[in-house]
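Working notes, structure below.
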Amino acid sequence: VGTAPVTQSSGIFTFTSTGFYLVKFTCSFSDNSGADKDVFAAIHLTKNNSTYANIARAGQSLTEATVYRSATATSLLYITDTSNQKVKFEAQSIETSTYCYGHGDYQHTYALFWRLGDT
């Protein structure tokens, strides 16, 4: 209800107002090789509009070929500066045979933002 909690440009998400936010990033993974490997969904935050650091990371093990798994990273953020505090998302440990996938009709890989209240 109301205005969108974030805007997006080139994969960088900018908060539209200060406040407390719950951010979730879910990434769905698959692998065709059958090799045992770990993959991760990560949320990165910058406090200075420049340098990003991991603030949340969730992983899954892909243990066989054509197995599908998802990982959800979650973080509660206190946003006090909408010009400098921003987030971006990353699927980590993706190799040649590993995929972070989506779909045109329903959500596989997605981010959710909830503005919980004022600062």
TODO: Look through region 68-114, keep the residues that are open to solvent by 40 Å² or more (accessible area, probe 1.4 Å) and of a type in the set (Phe, Trp, Tyr), and return whichever of them is farthest from residue 42 (Cα to Cα).
DONE: 106
TODO: For region 68-119, please list each of the strands (runs of 3 or more DSSP E) lying entirely inside it that holds at least 2 residues being under 17 Å from the mean Cα position of the chain (by Cα) and among the polar types (S, T, N, Q).
DONE: 68-79
- [ ] Scan region 18-45 residue by residue and report those that are free of Cβ contacts under 8 Å to residues at least 40 places away in the same chain and open to solvent by less than 20 Å² (accessible area, probe 1.4 Å).
- [x] none
Open item on the list: For region 46-67: of the residues being of a type in the set (A, V, I, L, M) and not in a strand (DSSP E or B), which is surrounded by the most Cβ atoms within 10 Å (Cβ to Cβ)?
Closed with: 67
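The values are calculated or read from the model by the stated rules, or taken from the named source; none is laboratory data. For clarity, every value in this text was computed on a predicted model and none was experimentally measured. As a convention, Cβ positions derive from the backbone with ideal geometry for all residues, glycine included, and neighbour counts pool all protein chains shown. These accessible areas exclude ligands, DNA and RNA; they are computed on the full protein's heavy atoms, side chains included. Shrake-Rupley method; radii C 1.70, N 1.55, O 1.52, S 1.80 Å.
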